[in-house]
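To keep things clear, I will list the structure first and then write my remarks on it.
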Amino acid sequence: MNIKDEYFLKRRQKKITHNELAVYLNCSQSLISRYETGNCGMSKEKIQRYREYIDRK
């Protein structure tokens, strides 16, 4: 399991929605979905903020 998968599982366990993350990251829900499924990338800054948000919740 890679780190992206770990954060996907953490997000699901903590019941953090794509919408909640999208508002925090100032991006679309579809970007988060595509990132989690491996269909696109995000900037390093957004990935860092994505992980920090999940860790803090």
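Since every read-out is calculated from the coordinates, none of them should be taken as a lab result. Everything numeric here is computed off the predicted structure, so don't read it as measured data. Cβ: placed from backbone, ideal geometry, glycine included. Neighbour counts: every protein chain shown.
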Tally, over the stretch 19-35, of residues that are surrounded by 16 or more Cβ atoms within 10 Å (Cβ to Cβ) and in contact with a Ser or Thr (Cβ under 9 Å, 6 or more places away or on another chain): 1
Members of the stretch 36-55 that are under 11 Å from Leu21 (Cβ atoms) and touching a Lys or Arg at 6+ places or on another chain (Cβ under 8 Å): Glu36, Ile54
Matching residues in the stretch 36-57 - criterion: being surrounded by 12 or more Cβ atoms within 10 Å (Cβ to Cβ) and hydroxyl-bearing (Ser, Thr, Tyr): Tyr50, Tyr53
Near pairs, Cβ below 6 angstrom, 6+ apart or cross-chain, from the stretch 5-20 (part of a helix (DSSP H, G or I)) to any residue that is of a type in the set (Gly, Ala, Ser): His18/Ser33
